[in-house]
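In what follows, a structure is listed as structure tokens, so that the remarks can point back to it.
The values are calculated or read from the model by the stated rules, or taken from the named source; none is laboratory data. Nothing here was measured: the structure is a model prediction, and the numbers come from that model. Ideal geometry is used to build each Cβ from the backbone, glycine not excepted, and the neighbour counts take in all protein chains shown.
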Amino acid sequence: MSHFFEPNSFTKPLFDQLKRHPKRIVFPEGEDERVLRVAARFVELELGVPILLGDRDRIFEMAKELDVSMNFVRVLNPLKSSDFQLFCNRLERIERYRGVVGVDAEKVVAKPHYFAAMMVQYGQADACLGGNLTEPTGVFRPLLHLIAPDPKVPKVFAVTVMTSDLLSNFGRDGVLFLADTGLIPDPKVDDLSSIAAETGMLAHHHMGRRVRVAMLSHSNHGSSRSESALKMVAATAAAREKVSLDDCVIDGEIQLDVALDPEVAACKLPAMSKNERADVLVFPSLDAAHISLKILRHLGGAESYGKLIRGLTRPAAQVPRTATEEMILGTAAALGVEAIQYRLLHPHG
């Protein structure tokens, strides 16, 4: 039985782009049958080269038991890699620069997530995807430690892409971008404006058209003067200064039903009744975003891809330990497309 769905409105364009520009995705937790199947499917679709970290003999034994092809799949044991000592030397230099002495570089670099982050930072892989067997902090910490931050983004955050053909009003094309779903518990105005602008541009890049961003609140255009509502008002104004109207329109502060249901918008905010449904939902807190994500996935049946980590100079993502193979594959493809954009912007690395 197939573990993957037919490409949807989000994944099909990703697959089409990657077939023209294949990329290398490193999976730090390679000893997972879901990752083995995803790697084989990634190759079958001609999307690029999967790189699995772990015990080589164990991974090939699992593949044989599962009858999964390992053609064009790279398998690396960090300790036995030809780059191991090079990465150790680089880590020592990084820590000295930060004023840290006495670090056991070999012990750190031997950890798959640190090794994977090094691979991406130094061009041995195009993107990194982990979390299928690990707590989120075990994924985020090495990435934040070793991959250079994007100076244009004040704080690193996460975006989850969701799709649904069954739920009504689910974005314009059955695709929604939710942010921040992973890293900033109580974002301030500057954080929210950056999250809105960056996620709007990410959605524009993936959707290939002008997108709408909704700055969500319990309030509609001043119906409440609460502190949280005023925070979203200020964040909306700041975010609009960061984007081009040709690429991204930012609405706020507004309620979720106004952002997604034109009939509700006509009743509550008639001036917005002719607007397209929002493509991006920016939440006032991590609690609100994470709870909404879980409701959509586990009660609404929406498909979920990511968390795509934003604010780093290289593409990376974290998936939950409950990730399906479809989720892992789609997230890997999204990272690959982000890597295409990175190569276009920085052709010499």
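Points to keep in mind about this one:
- Number of the exception - residue 75 against (1) assigned to a helix (DSSP H, G or I); (2) under 23 Å from residue 109 (Cα atoms): (1)
- Tally of residues being free of Cβ contacts under 8 Å to residues at least 60 places away in the same chain and surrounded by 18 or more Cβ atoms within 10 Å (Cβ to Cβ) across segment 125-153: 2
- Taking segment 91-209 and the helices (runs of 4 or more DSSP H) fully enclosed by it, the elements with 1 or more residues that are at pLDDT 95 or above and not assigned by TED's automatic domain parsing to the domain that holds residue 279 are at 105-109, 112-121, 136-146.
- If only residues of segment 23-66 that are assigned to a loop (DSSP other than H, G, I, E, B) and surrounded by fewer than 23 Cβ atoms within 10 Å (Cβ to Cβ) are counted, the one that is farthest from the chain's Cα centre (by Cα) is 55.
- Number of positions in segment 291-339 that are among the β-branched types (Val, Ile, Thr) and assigned to a helix (DSSP H, G or I): 5
- The set of residues from segment 82-96 being surrounded by fewer than 17 Cβ atoms within 10 Å (Cβ to Cβ) and over 21 Å from residue 335 (Cβ atoms) comprises 82, 85, 86, 89, 93, 94, 95, 96.
- Of all residue pairs spaced 6 or more apart or on separate chains, those with beta-carbon atoms under 6 Å, a first member in segment 182-198 that is under 14 Å from residue 284 (Cβ atoms) and a second member that is assigned to a helix (DSSP H, G or I) and of a type in the set (Lys, Arg) are 189/231.
- Count - residues of segment 157-178 that are farther than 19 Å from residue 211 by Cα and touching a helix residue (DSSP H, G or I) at 6+ places or on another chain (Cβ under 6 Å): 1
- When residue 278 is tested against the conditions (1) in contact with a strand residue (DSSP E or B) (Cβ under 9 Å, 6 or more places away or on another chain); (2) among the small types (Gly, Ala, Ser); (3) at pLDDT below 95, the lone failure is (3).
- Selected residue [crowded, with 19+ Cβ neighbours inside 10 Å, out of contact with any helix residue (DSSP H, G or I) (no Cβ under 9 Å at 6 or more places or on another chain) and farther than 24 Å from residue 24 by Cα] from 203, 214, 229: 229
- Failed criterion for residue 119 (all others in (1) of a type outside the set (Asp, Glu); (2) touching a residue at least 24 places away in the same chain (Cβ under 8 Å); (3) in contact with a helix residue (DSSP H, G or I) (Cβ under 7 Å, 6 or more places away or on another chain) hold): (3)
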